[in-house]
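This report refers to the structure that appears directly beneath it.
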Amino acid sequence: MVIIIGIAIQGCGNGNKAANTWTNDDIDAEIKKQVSPLNDKLFNAIMASDVNTVRSMLSPTLLQKAGGKIDTLVNSTGKSFNAKAFDVKDEYYTKHHVKKDPDTLLTQKGSDDDYMVTYRAMNEEMYTSVLVSQNLPINCLILVVYGKYGNDWKINILQIGEYTIDGKNSQAFYKLAQKYYDGGDLLDAANMLVLTSQLANPAGDFFKYRNEDTLKNFYAKVMEDANKIYNFPYPIRDIKTIPQIFSITPEFVADKGQQGVYPMIKYRSTIKLTDAEALKAENRALQAIIGKVFPGILQNNPFILYKAYNSTPDGKVPGDNYNFIQKTSN
């Protein structure tokens with residue numbers, strides 16, 4: 001599942017730092033008091049798929065521009081996440097002498113988690129809230145940018161996307177990728193970078209980690225190295241039936257006791273899917289040598305998932321398959 005969807009009056013800004021910005025505890029308490037119940041109202045409405053309430057919170061311009069996208073945004077989020085609580089990750093209050101100034105909001109925490117939010121201000125007073133859902137296997141980030149219209153705060157930008165998987169955000173998976181790569185586990189490094197990329201922009205173009213260029217360069221290096229060694233479909237000639245691995249991707253498992261992200265190995269078998277015993281024997285042989293084929297995979301994963309196919313899926317339909325799971329000694 002990958003969800004990044006949102007509505008906005010305009011695109012992100014040009015990257016100039018906002019001149020008058022207050023962050024988190026530095027924001028005037030009275031201003032925070034005005035916005036806090038709006039965040040609660042918005043979050044609860046989204047998770048309840050209450051489109052009408054969300055519509056009532058949008059600025060007139062955004063309401064007109066968004067059209068039916070509002071329904072998609074609210075219904076998709078409520079269905080996919082349905083969280084009961086959220087954290088306020090960060091908040092920003094900005095004042096502008098001229099409307100439509102470009103804003104860049106920067107975190108200064110001194111870690112890879114530092115990020116920037118960019119947009120073009122539509123009001124003299126703007127308030128940005130970065131909200132993160134709690135207690136879900138996959139949590140979302142909600143970026144909401146309010147503008148001051150008279151005495152009322154109305155939403156100019158609303159973006160929602162996946163933020164963490166199994167408690168890890170993009171940067172956590174990036175650090176795992178570095179660890180696996182340095183340890184010679186190229187396969188898991190590549191898989192962690194897939195998740196790094198998937199979670200890198202949870203609010204689309206409005207949200208970017210400040211080490212994005214470094215991350216992209218590392219991604220390109222690892223993928224280049226992986227493509228030099230593993231050319232799919234990859235035949236396993238040490239097994240008599242020569243199964244051919246055609247895909248390895250990170251797969252999130254939410255089942256209690258097995259929750260986590262594990263490699264999913266998909267391969268084409270010449271054994272008919274109706275011949276369960278022969279398929280099991282072939283998979284046992286594959287499990288026995290998988291650590292030789294992909295160094296590090298047994299050490300870094302408590303489970304490895306497999307799907308056996310008789311033909312490679314075309315990407316449009318899943319295709320018939322037989323599932324296996326390997327519990328490693330890790």
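Kindly identify the range 39-110 as rounded, prolate or oblate by the Cα gyration tensor criterion: order the square roots of the eigenvalues as a ≥ b ≥ c, call it rounded if a/c is under 1.5, otherwise compare a/b with b/c, prolate if a/b is larger, else oblate. Cα axes put the range 39-110 in the oblate bin.
Checked against a 22 Å cut-off, the cross-linked pairs Lys79/Lys307; Lys89/Lys208; Lys266/Lys316; Lys208/Lys266; Lys216/Lys266; Lys175/Lys216 give Cα-Cα distances beyond that limit for Lys79/Lys307; Lys208/Lys266; Lys216/Lys266. Residue ranges 260-271, 27-38 sort as 260-271, 27-38 when ordered by packing (mean number of other C-beta atoms within 10 Å per residue, highest first).
Helix 212-229 and the longest principal axis of the C-alpha atoms of the chain enclose an angle of approximately 10°. At full extension, Lys79 and Ile31 could sit 14.1 nm farther apart than now, given 0.36 nm per residue minus the alpha carbon distance. Excluding same-chain neighbours fewer than eight residues apart, the lysines reachable from Lys240 by a Cα-Cα span under 16 Å are Lys272, Lys280. Near Asp25, once Lys and Arg are set to +1 and Asp and Glu to -1 for all other residues with Cβ below 12 Å from its Cβ, the sum equals -3. Here is the size of the range 222-299 from its Cα atoms: Rg then Dmax, 13.8, 38 Å.
Calculate what fraction, in whole %, of the accessible area of the chain sits on carbon and sulfur atoms when a 1.4 Å probe is rolled over the protein chains.
Looking at the chain in its full context, I get 47 percent from C and S.
The mean sequence distance of close C-alpha pairs (under 8 Å, at least 6 residues apart), as a share of the length of the range 32-155, puts its relative contact order at 24 percent. Helix 276-293 and the longest principal axis of the Cα set of the chain meet at an angle near 70°. In sequence order, the range 260-272 has phi-based couplings of x, 10, 9, x, 9, 9, 10, 9, 9, 10, 7, 7, 4 Hz under the Karplus curve 6.51 cos²θ - 1.76 cosθ + 1.60, θ = phi - 60°, and Gly or Pro positions carry x. Amide H contacts for Ser49 (H built 1.01 Å from N in the peptide plane; partners 5 or more residues away or on another chain; cut-off under 5 Å): Gly78. Fully extending the segment from Lys221 to Lys179 would add 13.7 nm, taking 0.36 nm per residue of separation and subtracting the current Cα-Cα distance.
Straight-distance candidates among the lysines for linking to Lys154, with alpha-carbon spacing under 18 Å and chain neighbours fewer than 8 residues away dropped: Lys32, Lys33, Lys41, Lys65, Lys69, Lys95, Lys99, Lys100. Per residue, the convex hull around the alpha carbon atoms of the range 124-275 comes to 163 Å³. Computed from phi, the 3J(HN,Hα) profile of the range 79-91 under the Karplus parametrisation 6.51, -1.76, 1.60 (θ = phi - 60°) reads 6, 7, 10, 6, 7, 9, 8, 8, 9, 8, 5, 7, 9 Hz, with x in place of Gly and Pro.
Kindly express, to the nearest 10 degrees and within the range 0 to 90, the angle between helix 186-198's C-alpha long axis and the longest C-alpha principal axis of the chain. Computed tilt is about 30 degrees.
With protein chains left intact and a 1.4 Å probe, residues in the range 84-202 average 35 Å² of accessible area per residue. Working note: Karplus 6.51/-1.76/1.60 with θ = phi - 60° gives the range 145-151 the couplings 10, 9, x, 8, 10, x, 9 Hz, where Gly and Pro are set to x.
The values are calculated or read from the model by the stated rules, or taken from the named source; none is laboratory data. Remember, it's a predicted structure, so these values are computed and weren't measured experimentally. Counting neighbours? That spans all protein chains shown, and the Cβs are built from the backbone with ideal geometry, glycine included. Accessible surface areas use protein heavy atoms only, side chains included; no ligands, DNA or RNA. Shrake-Rupley method; radii C 1.70, N 1.55, O 1.52, S 1.80 Å.
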